[in-house]
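Only the coordinates and a few stated rules stand behind these numbers; no lab work does. Just so it is clear, the structure is predicted and the values come from calculations on it, not from any experiment. In this analysis, Cβ positions are derived from the backbone assuming ideal geometry, glycine residues included, and neighbour counts consider all displayed protein chains.
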Amino acid sequence: MPAKRDDNRVPAIQGISNADGITPIDILVDAITKRLLVSGIVSISGETLPSLQTRSDWTSGDLDYKGFAERGIAESATGWTICKFTWTSGNQVSMQIGEGKWSERATVVVYS
């Protein structure tokens with residue numbers, strides 16, 4: 001199935017099915033925010049959830065950083081998994097993940 005095209009004949013982005021690695025699948029975005037629509041299932045055991053703590057940084061007005069660590073780890077200690085979100089003016093977002101100290105999240109080296 002060829003990609004749909006806009007009024008300027010520019011092809012829209014498509015994904016490939018994970019079932020067979022061949023079949024093209026249309027990708028949907030929210031008509032208002034233009035953000036990618038995704039769904040997923042997250043399963044966290046009752047033992048895991050109480051042992052985690054999270055932090056969020058909304059400095060720019062959008063989510064800039066999200067951090068996860070075992071409960072009791074100080075913000076100035078290593079052991080945080082940190083997600084860095086970079087937003088464009090068109091509401092597109094990229095995410096990078098690294099580890100380090102929550103208190104030094106702006107300088108955390110991300111995984112390559």
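Things to note:
- GNM remark for the chain: springs join alpha carbons under 10 Å apart, and the peak mean-square fluctuation among T81, T59, T23 falls on T23.
- Whole-Hz ³J(HN,Hα) from phi, Karplus 6.51 cos²θ - 1.76 cosθ + 1.60, for the range 14-26, glycine and proline x: 10, x, 10, 4, 7, 6, 10, x, 10, 5, x, 10, 5
- Modelled FRET efficiency - R0 35 Å, L52 with I22, Cβ distances, 0.05 increments: 0.35
- Shape parameters for the chain, alpha-carbon atoms, Rg then Dmax in Å: 18.4, 55
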